[in-house]
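**Q** This structure is in structure tokens; I'll ask about it shortly.
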Amino acid sequence: MNHTITMDRSGRVVIPLAVRERYDLADGACRLDLVESDDGIVLRPKAEEIPAERHATGWVVFHSPGKDETDPAQAVEKERERRSRTVEGHG
């Protein structure tokens, strides 16, 4: 799907809500890669690496970059709603 968006004088653009929801781009807390090519520019959600270390017991321990306050039940419900909209053709 194509969207036409406008860039303001400061170079800012607004990504449409339906696109932000489809790609789970959260309230300004998301980083994007801007990729230039001969065809133009592409914005992609930035893959963030999660720091990890090997514990003395041999286990690999991953460290969250911040406090995760995500409610698993709400996350599942949000994903169900997103998939339902996609199946129904609304997003």
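The values are calculated or read from the model by the stated rules, or taken from the named source; none is laboratory data. Quantities reported herein were computed from a predicted structural model and do not represent experimental measurements. Positions of Cβ are generated from backbone atoms using ideal geometry, with glycine treated the same way; all protein chains shown enter the neighbour counts.
**Q** Under 6 Å by Cβ, and 6 or more places apart or on different chains, what pairs join a residue from region 41-69 that is closer than 19 Å to ARG31 by Cβ with one that is modelled with pLDDT of 70 or more and β-branched (Val, Ile, Thr)?
**A** Qualifying pairs under 6 Å: VAL42/VAL35.
**Q** Give me the residue from region 73-91 that is polar (S, T, N, Q) and surrounded by 11 or more Cβ atoms within 10 Å (Cβ to Cβ) and, out of that set, modelled with the lowest pLDDT.
**A** THR86
**Q** Restricted to region 7-43, and to residues that are part of a loop (DSSP other than H, G, I, E, B) and acidic (Asp, Glu), which residue is surrounded by the fewest Cβ atoms within 10 Å (Cβ to Cβ)?
**A** Here the residue is ASP38.
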